[in-house]
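What follows is one structure encoded as structure tokens, with my remarks underneath.
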Amino acid sequence: MNHLDLTPVPCAEAYEPDELVVVIRSKPVTRGLRAPIDWLLYTLASRRLRLDAVGSFCWRHMDGRRTAGDIAAALRHEFGKSVEPAEERLGSFIHLLQREELVKFPELESQGDEL
């Protein structure tokens, strides 16, 4: 499956104290042997992630209706050549969000796949 056909959906709280988005990382819910490691990483990492203008734009467009390809096109339209290659830049951003469990893909949930 092409990652541009996937629909990213945020699964974390966010707020906008100004024109930029701040994403709040959720507490880990891991059980078993992995739980202490996840709690340690959560404790050491920042709980709030302040996105830049490009990341904030992408976050706002992850509404469960737009595919990653749609968001890349909107990103290119809004920021022009400064975000090129837009698909790669968006893919890296989404991969980071997915790794931090801040975004999910409904298309992959049934398959258990990762981007």
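The values are calculated or read from the model by the stated rules, or taken from the named source; none is laboratory data. Keep in mind it's a predicted model, so treat the numbers as computed, not measured. Every residue, glycine as well, gets a Cβ built from its backbone with ideal geometry; the counts of neighbours run over all protein chains shown. These area figures cover heavy atoms from the full protein model, side chains too; ligands, DNA and RNA do not enter into them. Shrake-Rupley method; radii C 1.70, N 1.55, O 1.52, S 1.80 Å.
Values computed for the structure shown
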quantity: Residue count, the stretch 34-57 (criterion: of a type in the set (S, T, Y) and open to solvent by 70 Å² or more (accessible area, probe 1.4 Å)); calculated: 1
quantity: Of all residues making up the stretch 79-115, the number that are over 17 Å from A12 (Cβ atoms), open to solvent by less than 70 Å² (accessible area, probe 1.4 Å) and at pLDDT 90 or above; calculated: 8
quantity: Condition met for V23 (under 25 Å from I71 (Cβ atoms), open to solvent by less than 40 Å² (accessible area, probe 1.4 Å) and in a helix (DSSP H, G or I)); calculated: no
quantity: The one condition in (1) modelled with pLDDT under 95; (2) open to solvent by 80 Å² or more (accessible area, probe 1.4 Å); (3) among the charged types (D, E, K, R) that R60 fails to fulfil; calculated: (1)
quantity: Residues of the stretch 17-54 satisfying the condition of being among the small types (G, A, S) and in contact (Cβ under 8 Å) with a residue 12 or more places away in the chain; calculated: S26, A45, S46, A53
quantity: Residue among R65, R31, R76 that alone is within 22 Å of H3 (Cβ to Cβ) and surrounded by fewer than 14 Cβ atoms within 10 Å (Cβ to Cβ); calculated: R65
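Let's see how each residue does on (1) in a helix (DSSP H, G or I); (2) touching a Lys or Arg at 6+ places or on another chain (Cβ under 7 Å):
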| position | (1), (2) |
| --- | --- |
| P36 | yes, no |
| Y42 | yes, yes |
| S56 | yes, no |
| R66 | no, no |
| A72 | yes, no |
| G80 | yes, no |
| H95 | yes, no |
